[in-house]
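The structure appears right after this line, and notes come after that.
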Amino acid sequence: MKPENLFTPSSLSDRTSVQSNILSGIFFVLAIAAGIVVAFVGGEFGWISLFALPALVVGIAILLQPDFGVAAFAVVVYIQLNRAISIYYPGFPTYLSPAYPLLGALLFLLIWRLFIYGDRPEGWKRASMIFVLMAFWLFSAITADDSALGLIKFQKYVENSLFAFVIVFFVQRPTSLRRIIWSFLAAGIFTAILTVFQNLTSTYANNYGGFAQWEYSSTNGTTNYRAAGLYGNANAYAQSLIVLVPLALDRLWHEKRTFIRLIAALALVSCTLAIFFTYSRNGFVTLIFTLGFLIAIRRPNIMPLMITGVLALLLLQFLPTTYLSRLSTLFQFSSSNPTSVVSDQSFRGRMSENIAAWQMFQDNPLFGVGLDNFEVNYQDYSRKIGLDSRRTARAPASLYLEILSEQGLLDKAIFFIFIAMVFRSLWNAKRIFTLLEMEDDAHITLAFLSGLLGYMFFYISKSGSYSNAFWILLGIALSFEQVAKNSRIEQQEIRQDALQRYQ
């Protein structure tokens with residue numbers, strides 16, 4: 001008699017059923033054990049300790065793929081996520097806010113690679129110019145009338161400059177740059193869409209978890225809800241979006257896949273509308289300047305230019321009429337003596353701050369009044385000027401006048417040399433990519449250069465607050481040239497290998 005086949009359908013079904021019951025029992029026991037562990041750890045060390053496991057998983061992921069960690073860190077800092085968490089979730093520990101664990105993991109990996117593997121960050125010589133800048137700013141801090149204020153601000157600058165060094169160390173390949181650029185655009189889409197939705201539906205009672213903050217503003221008797229994003233400041237939010245617009249427009253022009261172009265178009269539309277809803281006069285002027293510069297220097301073909309023109313006309317339909325009224329106040333400066341005709345209180349305050357900054361520089365031309373000491377001296381100058389009725393601490397409404405008044409002509413010259421070096425580095429990267437026939441990377445470089453130029457243009461009438469975002473952009477900018485040089489070396493090595501094989 002033939003023995004029974006153990007793998008008949010009926011026997012296979014029975015075995016599967018038995019295995020399923022065993023696995024279910026194992027998972028049931030593991031679930032109970034996990035529950036006991038969670039209860040014990042939460043009760044013994046606090047429920048916040050339960051974040052240790054996901055933090056460990058994220059840390060391991062960063063060790064395996066640092067590019068993703070760098071991109072996530074750059075985005076978290078740039079959109080001011082930590083700030084929003086500290087305001088809207090005050091019970092949440094600061095050290096567990098996303099930027100700090102990410103920075104800690106990246107610094108650990110950086111030190112590990114430096115001392116264990118002997119890696120050296122390519123491009124560190126360009127980034128070392130930051131040390132020169134910091135040395136002069138330290139001198140400005142310790143020589144200030146209120147040196148305590150100066151040293152606090154200097155400490156923030158040192159922390160923020162560390163962000164740039166981390167980015168320069170890890171961003172060495174075109175793929176790393178692309179991940180950061182697309183991560184920025186993805187974050188821009190998310191925050192801008194919330195802003196647009198909030199304004200189109202007038203749901204200002206909901207700030208959407210702090211991602212869609214706003215502030216009141218009154219112009220010509222009209223009250224506006226000015227979008228402020230995670231920044232909590234409309235002008236700073238508009239400035240951050242300015243960088244994303246040329247990047248989105250460039251990807252719309254040059255991406256090959258239709259789906260990716262549609263994502264770029266979404267980023268372009270949402271970020272532009274969000275700038276409109278900030279009601280920022282500086283934002284509108286800077287947007288025109290930035291796009292004009294990109295189009296002039298890129299000189300796109302007629303078809304992309306026509307598509308851009310059509311999009312611009314469509315977007316202008318969403319320009320709020322109250323924003324147009326606000327923009328009309330810019331013409332108050334057409335008078336030969338604007339101080340006599342400017343009625344907008346915001347303008348009067350900014351004019352007073354900037355006049356005071358210039359007078360402080362005239363009184364202290366070489367070293368200024370000291371880092372972060374403008375606010376200490378402002379009221380003495382403001383009373384003499386007679387434009388600003390506010391009696392609170394203020395900052396100059398211009399980064400360039402802020403540096404001039406607080407740090408003098410010497411620090412201003414060092415700062416401009418540093419910024420000029422950054423833009424020269426970007427232009428060199430664009431040139432190298434073009435020579436290597438890496439046209440897409442050359443386009444991205446030019447778009448980022450345009451966005452950074454717009455960001456710096458915005459500073460003409462905005463203070464240097466939110467400097468952490470500024471240093472993130474500088475770190476990315478300093479990475480471009482090294483990425484281009486690494487690409488050139490890689491192509492040379494490929495050619496040499498191919499020549500050796502041929503021989």
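The values are calculated or read from the model by the stated rules, or taken from the named source; none is laboratory data. In this text, all values refer to a predicted model and were calculated from it rather than measured experimentally. With ideal geometry, Cβ positions are generated from the backbone for all residues, glycine too; neighbour counts draw on all protein chains shown. For the accessible areas, the whole protein counts, side chains as well, though only heavy atoms, and no ligand, DNA or RNA atoms are used. Shrake-Rupley method; radii C 1.70, N 1.55, O 1.52, S 1.80 Å.
With respect to the numbered conditions (1) open to solvent by 30 Å² or more (accessible area, probe 1.4 Å); (2) under 15 Å from the mean Cα position of the chain (by Cα), which one is the sole condition not fulfilled by ARG257?
Tallying (1) open to solvent by 30 Å² or more (accessible area, probe 1.4 Å); (2) under 15 Å from the mean Cα position of the chain (by Cα), ARG257 fails exactly one: (2).
Starting from the stretch 296-307, take each residue that is without any contact (Cβ under 8 Å) to a residue 60 or more places away in the chain and list its partners that are of a type outside the set (Val, Ile, Thr) and surrounded by 10 or more Cβ atoms within 10 Å (Cβ to Cβ), counting only C-beta distances under 8 angstrom and pairs at least six apart or across chains.
Taking only residues 6 or more apart or on different chains, the pairs are PRO300/TRP253; PRO304/LEU252; PRO304/TRP253; ILE307/LEU252.
Exactly one of these conditions fails for ALA442: (1) open to solvent by 10 Å² or more (accessible area, probe 1.4 Å); (2) assigned to a helix (DSSP H, G or I). Give me its number.
Unmet condition: (1).
Do we find that ARG179 is under 30 Å from LEU252 (Cα atoms), open to solvent by 20 Å² or more (accessible area, probe 1.4 Å), touching a helix residue (DSSP H, G or I) at 6+ places or on another chain (Cβ under 7 Å) and charged (D, E, K, R) in this structure?
yes
Among the residues of the stretch 407-423, are any over 24 Å from THR290 (Cα atoms) and either in contact with a Ser or Thr (Cβ under 7 Å, 6 or more places away or on another chain) or in a loop (DSSP other than H, G, I, E, B) (or both)?
yes
Of all residues in the stretch 187-211 being free of Cβ contacts under 8 Å to residues at least 24 places away in the same chain, of a type in the set (A, V, I, L, M) and in a helix (DSSP H, G or I), which is least open to solvent (accessible area, probe 1.4 Å)?
Top of the filtered list is LEU194.
From LEU401, LEU436, LEU426, grab the single residue that is touching a residue at least 24 places away in the same chain (Cβ under 8 Å) and within 21 Å of the chain's Cα centre (by Cα).
LEU426
What do you reckon, is THR191 at pLDDT 90 or above, touching a strand residue (DSSP E or B) at 6+ places or on another chain (Cβ under 9 Å) and closer than 27 Å to VAL245 by Cβ?
yes
Among the residues of the stretch 473-482, is any at pLDDT 85 or above, aromatic (Phe, Trp, Tyr), open to solvent by 10 Å² or more (accessible area, probe 1.4 Å) and under 30 Å from VAL158 (Cβ atoms)?
no
Which condition from (1) exposed (fewer than 15 other Cβ atoms within 10 Å of the Cβ); (2) in contact with a Gly (Cβ under 6 Å, 6 or more places away or on another chain); (3) among the aromatic types (Phe, Trp, Tyr) is the one that PHE367 breaks?
(1)
Output the number of the condition that PHE131 fails; it satisfies all remaining conditions of (1) modelled with pLDDT of 80 or more; (2) surrounded by fewer than 17 Cβ atoms within 10 Å (Cβ to Cβ).
(1)
Scan the stretch 143-160 and report the pairs whose first residue is over 12 Å from SER467 (Cα atoms) and modelled with pLDDT of 90 or more and whose second residue is open to solvent by 80 Å² or more (accessible area, probe 1.4 Å) and of a type outside the set (S, T, N, Q), with Cβ atoms within less than 8 Å and a gap of 6+ or a chain change.
LEU151/ILE142
Need the failing condition index for ALA413 against (1) more than 28 Å from LEU177 (Cα to Cα); (2) open to solvent by 40 Å² or more (accessible area, probe 1.4 Å); (3) under 21 Å from the mean Cα position of the chain (by Cα); (4) of a type in the set (Gly, Ala, Ser), just the number.
Against the list (1) more than 28 Å from LEU177 (Cα to Cα); (2) open to solvent by 40 Å² or more (accessible area, probe 1.4 Å); (3) under 21 Å from the mean Cα position of the chain (by Cα); (4) of a type in the set (Gly, Ala, Ser), ALA413 comes up short only on (3).
All but one of (1) assigned to a helix (DSSP H, G or I); (2) among the hydrophobic types (A, V, I, L, M, F, W, C); (3) in contact with a Ser or Thr (Cβ under 8 Å, 6 or more places away or on another chain) hold for LEU387; state the number of the condition that does not hold.
So LEU387 meets the others, but not (1).
State yes or no: is ILE444 in contact (Cβ under 8 Å) with a residue 12 or more places away in the chain and among the β-branched types (Val, Ile, Thr)?
Considered against the rule, which asks whether it is in contact (Cβ under 8 Å) with a residue 12 or more places away in the chain and among the β-branched types (Val, Ile, Thr), ILE444 comes out as yes.
Condition (residue is under 18 Å from ALA357 (Cα atoms), touching a Gly at 6+ places or on another chain (Cβ under 7 Å) and not basic (Lys, Arg)) applied to the stretch 384-394: is it met by at least one residue?
Yes: the stretch 384-394 contains one or more residues that are under 18 Å from ALA357 (Cα atoms), touching a Gly at 6+ places or on another chain (Cβ under 7 Å) and not basic (Lys, Arg).
Would you mind finding the one in GLN359, GLN407 that is at pLDDT 90 or above, surrounded by 22 or more Cβ atoms within 10 Å (Cβ to Cβ) and either out of contact with any Gly (no Cβ under 9 Å at 6 or more places or on another chain) or not small (Gly, Ala, Ser) (or both)?
Just a single option satisfies the conditions, and that option is GLN407.
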